[in-house]
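Report on one structure; see the data block that follows.
The values are calculated or read from the model by the stated rules, or taken from the named source; none is laboratory data. All of these numbers come straight from a predicted model, not from anything done at the bench. Cβ placement follows ideal geometry from the backbone for every residue including glycine, while neighbour counts extend to all protein chains displayed. These accessible areas exclude ligands, DNA and RNA; they are computed on the full protein's heavy atoms, side chains included. Shrake-Rupley method; radii C 1.70, N 1.55, O 1.52, S 1.80 Å.
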Amino acid sequence: IEIYSLHVDCKVTSRFAHTVITSRIVNQANESREATFEVEIPKTAFITNFSMSVDGEVYPGIIKEKAAAQNEYDTAVLQGQSAGLVKITDRKLEQFHVSVSIAAASKVTFELSYEELLKRQLGKYELLIKVQPKQLVKHFQIDVHIFEPQGIQFLETDSTFMTNELTEALTKVQNETKAHILFKPTLDQQKKNSELDETLLNGDFVVRYDVKREATAGDIQIVNGYFVHYFAPQEMPVFPKNVIFVIDRSGSMTGRKIEQTRDALLKILQDLRPEDHFSFITFNNKVVEWKSSLLPATEENVASAAALVQTLTARGGTDINGALLAAVGVLEKAEQLPEHSVSMIILLTDGQPTSGERSVEVIQENVQKAINGKYALFCLGFGFDVSYKFLEKMALSNGGIARRIYENADAALQLQGFYQEVATPILMQIEMQYPENSIEGLTKNNFKLFFEGSEITVSGKINNELDVLPVEIKAQSHTSNLTLKEEANVKEKEQVFQNQRYIFGNFIERLWAYLNIQQLLEEAISAQEEDQKALEAQALDLSLRYSFVTPLTSMVVTKPQQQEELANKPTEAG
């Protein structure tokens, strides 16, 4: 079985990325063989299309409601005969895998499309392409086109498998608003050495960039009556933080995990700002407060905390409820904190609650009642023994986010990376306001906190009559209450994207649908049951209307001989 062509074509228009992977395979054997298409795509992406053509006959994937697809599939297939086509493989990727039997000398073409909104983290966008052909490929290429009307601030490519020979196969061309990256290695360049037919191409190919930002009230872009508004203020004074680290040191954290936690915490302590206040709570079946109050992050206090971190050992049970309520207690009774400051609790745990209160529903209720909207709770789940669903619901109900920390060599870096994302709050209570009667389907437009290096994205549909779209942003910075205003001329903005070969049709409308689905699904996690159903119904309707494989839809892939398989979108919570 020979893959004679593998193309990855990616168009990024104003942060929205549309990627098509096409693999052409021929069976050189003189009997029928299995041809496999196996690619890894970012977890944040939604598959939008898949087809295979075997000897000129096309078999398209069809997107349906998950429950309906599952019923049809169960009826058609004897139980246990076939696994789903998509599974999570690591912290950023999931794998799509399909194979089909093809006759001697036959050819098959697989084509998979997916879309995602690139999220700004720590001051850059990242486009991740996983490269793993597992054999030498005669025609191999990665072709990336980027168009950012705001202008490209910087652009870099990075790869885990580059050699000097392979670097020669990479070209980058860039002007003010556009970039084109082409990676097209010959067969010889792909080889590990001249004797063996082994490929060097195995790993990540990454494009990172950021855009130029002029206007204070962000940047508005409009196509076919849909708008997107990006807001990422820079060089603002930073709010002091009051942060409590709540660290699990139960028996299951023994060994590698507690070591990596210690390493990460020592680095994080160094990153605290002098005006920050902090404290530690460690817990197993007992909850231990390092100090009874928050301390300013002076050199002396940081050194004393570092000494404590060095001595962390793991044994015993897991009293998550007791530990979080103790953390809220420390924040409640804190005195002499900076007047304008941001309070947050960062929980790191690797297991289920096994001591104290064990019911996750009761813990969620207790914690939400105690926090009462005053502090942000961030939950980090270490490994796969945690109930991620529980941590995610608890974080989202309390103005924070959850993240799974994968038990790899880089776990300490994952922890530090997460801390860096939330280390610099520069705005609070952000309200993005638009003329109510002229906009429909507005995505989320109120945000509790804005961290430096990230970006707020709001999208909606403009009524036909509007010539000028006025926007107003209200927010609190550390030093003042801000009001920022901007007006966008609808016709002028529409002009920007005319005659661009970079555009894939109605991309802002698709961006709007993608963002809407992501937000509805996130909202559903922490909603009451009746609301949850309504939110999921809306997300399902959009998923079907714009043909996205989301956690609520399935793609039915029909193969020759009428065999059917399902591609479902896995979630971190399983």
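Just one residue in the set Glu148, Glu126, Glu111 is open to solvent by less than 50 Å² (accessible area, probe 1.4 Å), in contact with a strand residue (DSSP E or B) (Cβ under 6 Å, 6 or more places away or on another chain) and of a type in the set (D, E, K, R); that residue is Glu148.
Just one of Glu407, Glu431 is within 29 Å of Glu275 (Cα to Cα) and open to solvent by 30 Å² or more (accessible area, probe 1.4 Å); which is it? Step by step, each of Glu407, Glu431 is checked, and only Glu431 is within 29 Å of Glu275 (Cα to Cα) and open to solvent by 30 Å² or more (accessible area, probe 1.4 Å). Restrict the check to the range 191-199 and report whether at least one residue is open to solvent by less than 40 Å² (accessible area, probe 1.4 Å) and of a type outside the set (Ser, Thr, Tyr). No; the residues of the range 191-199 include none that is open to solvent by less than 40 Å² (accessible area, probe 1.4 Å) and of a type outside the set (Ser, Thr, Tyr). When the range 48-67 is filtered for residues that are over 17 Å from Val86 (Cα atoms), without any contact (Cβ under 8 Å) to a residue 24 or more places away in the chain and not in a strand (DSSP E or B), only Gly56 remains. Checking the range 76-92 against the condition returns a match, with at least one residue being under 28 Å from the mean Cα position of the chain (by Cα) and under 30 Å from Lys212 (Cα atoms). Just wondering, is there one or more residues in the range 161-173 that are within 22 Å of the chain's Cα centre (by Cα), open to solvent by 10 Å² or more (accessible area, probe 1.4 Å), under 30 Å from Phe418 (Cα atoms) and at pLDDT below 95? Looking for residues that are within 22 Å of the chain's Cα centre (by Cα), open to solvent by 10 Å² or more (accessible area, probe 1.4 Å), under 30 Å from Phe418 (Cα atoms) and at pLDDT below 95, one finds none in the range 161-173, hence no. Considering Lys257, Lys291, Lys241, the condition of being in contact (Cβ under 8 Å) with a residue 24 or more places away in the chain, open to solvent by 10 Å² or more (accessible area, probe 1.4 Å) and of a type in the set (D, E, K, R) is satisfied by Lys257 alone. For the range 332-358, a residue qualifies if it is open to solvent by less than 50 Å² (accessible area, probe 1.4 Å) and within 17 Å of Ala395 (Cα to Cα), and the qualifying residues are Val342, Ser343, Met344, Ile345, Ile346, Leu347, Leu348, Thr349, Asp350, Gly351, Pro353. Return the residue satisfying two criteria in turn: it lies in the range 392-427 and is among the hydrophobic types (A, V, I, L, M, F, W, C) and part of a loop (DSSP other than H, G, I, E, B), and of such residues it is nearest to Pro233 (Cα to Cα). The residue in question is Ala423.
Checking each residue in the range 551-573 for being of a type outside the set (A, V, I, L, M) and more than 25 Å from the chain's Cα centre (by Cα) picks out Thr558, Lys559, Pro560, Gln561, Gln562, Gln563, Glu564, Glu565. Here are some conditions: (1) open to solvent by 40 Å² or more (accessible area, probe 1.4 Å); (2) at pLDDT 95 or above; (3) among the hydroxyl-bearing types (Ser, Thr, Tyr). Thr479 meets all but one. Which one does it not meet? Just one mismatch for Thr479, condition (2).
A count restricted to the range 433-474 and to residues that are outside any loop (DSSP other than H, G, I, E, B) and closer than 17 Å to Ala513 by Cβ stands at 8. Considering only residues in the range 309-331 that are among the polar types (S, T, N, Q) and not in a helix (DSSP H, G or I), the one that is least open to solvent (accessible area, probe 1.4 Å) turns out to be Thr318.
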